[in-house]
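In what follows, a single structure is set out as structure tokens and then discussed.
The values are calculated or read from the model by the stated rules, or taken from the named source; none is laboratory data. All of these numbers come straight from a predicted model, not from anything done at the bench. Glycine gets a Cβ as well: all are built from the backbone with ideal geometry, and neighbour counts include every protein chain shown.
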Amino acid sequence: MYSFGSELPNGIYGASNPGTMGMGTIAGYSSNALNGKNFRLLRFIVKSQTGLPVITIPSELTTRIKPDVSQSALTRSFTLTSTGMMSISGPFLINSHAFSMERIDFSTNLGATEIWQISNQTPIAHPFHIHGLQFYVLDSGGSSPTQSLQGRKDVILIPAMQTVRLIMRFDDFFDSLTPYMFHCHMLSHEDDGMMGQFLVTGIGAGKETNTSVEETQLSIYPNPVTEYFTIGIPGENFSPSEIDIVNSVGQLIQHRKTSLSYVKVDATSLTPGMYYIRVSNQGKTWLGKLIR
């Protein structure tokens, strides 16, 4: 396995010059003799065949369906900038902010589909990494993705002075307290603050919510369930509570209203898998998970 560094255009870390215009320096960059060079990374030594060899390659791999642009609830814009005029050494910012542990940059909901538009206004490329999901590339620099970019990704290179659009669906995990990160995957850039964080806080079609979420207070038993389970409704129940049961891809399976403190639910119609329970009452939302 070889690195073909000589083929990297300027503006990408590892090329002859890390700046897109062939100008600018990074401390210690020129002392690395491998920049802009071809060299061997790894050698594979193939020995005798095992007792259970893999000797055929499948004609098709698993089918992945790319979300349609029409399914997107919104487009988020991210602008990558430098703190110095055309600096290639940073520090770099995302939407004019350096990372802060005390700031959540935005929230979204389980099941939401979003487009992220990332514009790199610096003279060096940045590998942009998103935690908690995998996404698809819509276009890069205004062009359709090359074949190598058409699969699911969690890192995408944003070339200098170009814009890349991504589409993603938040259909796996949510946590009202613990954020996910998005950041440049170059360690020095990330450590200098080129990073943000977001929450996947609830169940819905991607609309923002102003309700408070209290995930730990919802009682669901037995869990896992085979036939019937009971939901303990928190709060004073002065007004009816709304209950939503949503599957792992964000589809609403059941919706009901109740003024009771405990609700017994028939689970026999649910297919085996993970479900999310949301109870809403008077501006508060309680979340829980159910295994069938």
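For segment 119-156, which positions are closer than 19 Å to Gln197 by Cα, part of a strand (DSSP E or B) and of a type in the set (A, V, I, L, M, F, W, C)?
Phe128, Ile130, Phe135, Val155, Ile156
If you scan segment 140-167, which residues turn out to be under 29 Å from Thr201 (Cβ atoms), surrounded by 14 or more Cβ atoms within 10 Å (Cβ to Cβ) and without any contact (Cβ under 8 Å) to a residue 40 or more places away in the chain?
Lys153, Asp154, Ile156, listed by residue number.
If Thr63 passes every condition in (1) assigned to a loop (DSSP other than H, G, I, E, B); (2) in the same structural domain as Gly196 (by TED's automatic domain parsing) but one, which one does it miss?
Against the list (1) assigned to a loop (DSSP other than H, G, I, E, B); (2) in the same structural domain as Gly196 (by TED's automatic domain parsing), Thr63 comes up short only on (2).
So in segment 70-95, with the set limited to residues that are within 17 Å of the chain's Cα centre (by Cα) and of a type in the set (A, V, I, L, M), which one is farthest from Asp139 (Cα to Cα)?
Ile94
At pLDDT 90 or above and either more than 14 Å from Arg278 (Cα to Cα) or of a type in the set (Gly, Ala, Ser) (or both) - does that describe any residue in segment 214-221?
Scanning segment 214-221 turns up at least one residue that is at pLDDT 90 or above and either more than 14 Å from Arg278 (Cα to Cα) or of a type in the set (Gly, Ala, Ser) (or both).
Confirm whether Tyr2 is outside the structural domain of Ile124 (by TED's automatic domain parsing) and surrounded by 13 or more Cβ atoms within 10 Å (Cβ to Cβ).
Against the criterion (outside the structural domain of Ile124 (by TED's automatic domain parsing) and surrounded by 13 or more Cβ atoms within 10 Å (Cβ to Cβ)), Tyr2 does not qualify.
Being surrounded by 24 or more Cβ atoms within 10 Å (Cβ to Cβ) and among the β-branched types (Val, Ile, Thr) is the filter here; which residues of segment 105-121 pass it?
Thr108, the sole residue that qualifies.
Mind telling me which of the residues Gly51, Gly36 ends up being surrounded by 11 or more Cβ atoms within 10 Å (Cβ to Cβ) and in a loop (DSSP other than H, G, I, E, B)?
Gly36
Kindly establish whether Gly196 is small (Gly, Ala, Ser), in contact with a strand residue (DSSP E or B) (Cβ under 8 Å, 6 or more places away or on another chain) and modelled with pLDDT of 90 or more.
Yes: the conditions hold for Gly196.
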